[in-house]
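Below is one structure; the comments refer to it alone.
The values are calculated or read from the model by the stated rules, or taken from the named source; none is laboratory data. Small disclaimer: the values here were computed from a predicted structure and weren't measured. Note: ideal-geometry Cβ built from the backbone for every residue, glycine included; neighbour counts use all protein chains shown. All accessible areas refer to the heavy atoms of the entire protein, side chains included, with ligands and DNA or RNA removed. Shrake-Rupley method; radii C 1.70, N 1.55, O 1.52, S 1.80 Å.
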Amino acid sequence: VEIEFKSYELDPNASLYSGESIHEILANKYNISEEKAKEMNEGVGKRAEAVGLIYHFDEMKPTNTFDAHRLSKFAKTQGKENIMTEKLLHAYFTESRLISDLDTLADLAEEVGLNRQEALQVLENKNLFTNEVRTDEKLARSYGITGVPFFLINQKYAISGAQPLESFIQALEKVWEEEKPKPIFQDLSTDSNAVCTDDGCVIPPKNNI
């Protein structure tokens, strides 16, 4: 199974970190109380904990993530897109790091084995890898994707949301059954009768010389 991450911003117009908590931001966005927003986040945190992930919602620094997406695209050119993306997710959800700060992003790049200075130069040039991020987001819109997580398998099947493990196993098994290669043999036998079956073996007579 080959996994490829795609860029998707829940809020492309999000501002940089203002000091507001994720609870406050969600409360304002959905017109609910801050207590209700915190309760929702705690529910997500419990689901994450069930699969070994620790989310620190109270300390998270919600911010614009466009530069973080550009960094992942740069990492892809170095063969490190997956590990870079995982690092960014861990930095935001678990370590409460500010993933819009360019120095922080450069530090994270170095932590996964990328050249820090090269990463910083990419981040400082807003034209680099912008098209790659926007292309992914345009593709998501063409598929009608409006939220994350969203998984597209072989451009054929979709899994939306944080589904249980069984959903992914069933999807992968379905694709495997449909697309696994079937063996094709070319029969080079010169005598189709020279075989053994449940009824016995037939030995063809030798040709007289």
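Within segment 172-209, which residues are in a loop (DSSP other than H, G, I, E, B), modelled with pLDDT of 65 or more and surrounded by 10 or more Cβ atoms within 10 Å (Cβ to Cβ)?
none
Could you figure out which of (1) outside any strand (DSSP E or B); (2) surrounded by 13 or more Cβ atoms within 10 Å (Cβ to Cβ) isn't true of Lys138?
(2)
Report yes if Ser160 is surrounded by 10 or more Cβ atoms within 10 Å (Cβ to Cβ), within 30 Å of Asn13 (Cβ to Cβ), polar (S, T, N, Q) and modelled with pLDDT of 90 or more, otherwise no.
yes
Conditions (1) crowded, with 17+ Cβ neighbours inside 10 Å; (2) in contact (Cβ under 8 Å) with a residue 24 or more places away in the chain, marked per residue:
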{"site": "Leu53", "(1), (2)": "no, yes"}
{"site": "Glu59", "(1), (2)": "no, yes"}
{"site": "Ser72", "(1), (2)": "yes, yes"}
{"site": "Arg97", "(1), (2)": "yes, yes"}
{"site": "Asp103", "(1), (2)": "no, no"}
{"site": "Gly113", "(1), (2)": "no, yes"}
{"site": "Val148", "(1), (2)": "no, yes"}
{"site": "Gln170", "(1), (2)": "no, no"}
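Tally time: how many residues in segment 119-133 are farther than 20 Å from Asp103 by Cα and surrounded by fewer than 15 Cβ atoms within 10 Å (Cβ to Cβ)?
1
Return the pairs, sorted by first residue and then second, in which the second residue is not in a helix (DSSP H, G or I), the first residue lies in segment 9-27 and is open to solvent by 80 Å² or more (accessible area, probe 1.4 Å), the beta carbons are less than 6 Å apart, and the residues are 6+ apart or on different chains.
Cβ pairs passing all conditions: Leu16/Thr63; Leu16/Asn64; Leu16/Ser100; Tyr17/Lys61; Tyr17/Thr63; Tyr17/Leu98.
Using the structure shown, decide if Ile32 is in a loop (DSSP other than H, G, I, E, B), β-branched (Val, Ile, Thr) and open to solvent by less than 80 Å² (accessible area, probe 1.4 Å). So that I can check it myself, show each step before the final result.
On the way: in a loop (DSSP other than H, G, I, E, B): yes; β-branched (Val, Ile, Thr): yes; open to solvent by less than 80 Å² (accessible area, probe 1.4 Å): yes.
Here the answer is yes, as Ile32 does meet what is asked.
The rows are residues; the columns are (1) farther than 26 Å from Tyr143 by Cβ; (2) assigned to a loop (DSSP other than H, G, I, E, B).
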position: Tyr8; (1), (2): no, yes
position: Asn13; (1), (2): no, yes
position: Asn28; (1), (2): yes, no
position: Ala37; (1), (2): yes, no
position: Gly45; (1), (2): yes, no
position: Glu49; (1), (2): yes, no
position: Gly52; (1), (2): yes, yes
position: Leu71; (1), (2): no, no
position: Glu95; (1), (2): yes, yes
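Would you say Ala109 is in a helix (DSSP H, G or I) and modelled with pLDDT of 95 or more?
Yes.
Check segment 40-57 and report whether any residue there is aliphatic (A, V, I, L, M) and closer than 20 Å to Lys6 by Cβ.
There is no residue in segment 40-57 that is aliphatic (A, V, I, L, M) and closer than 20 Å to Lys6 by Cβ.
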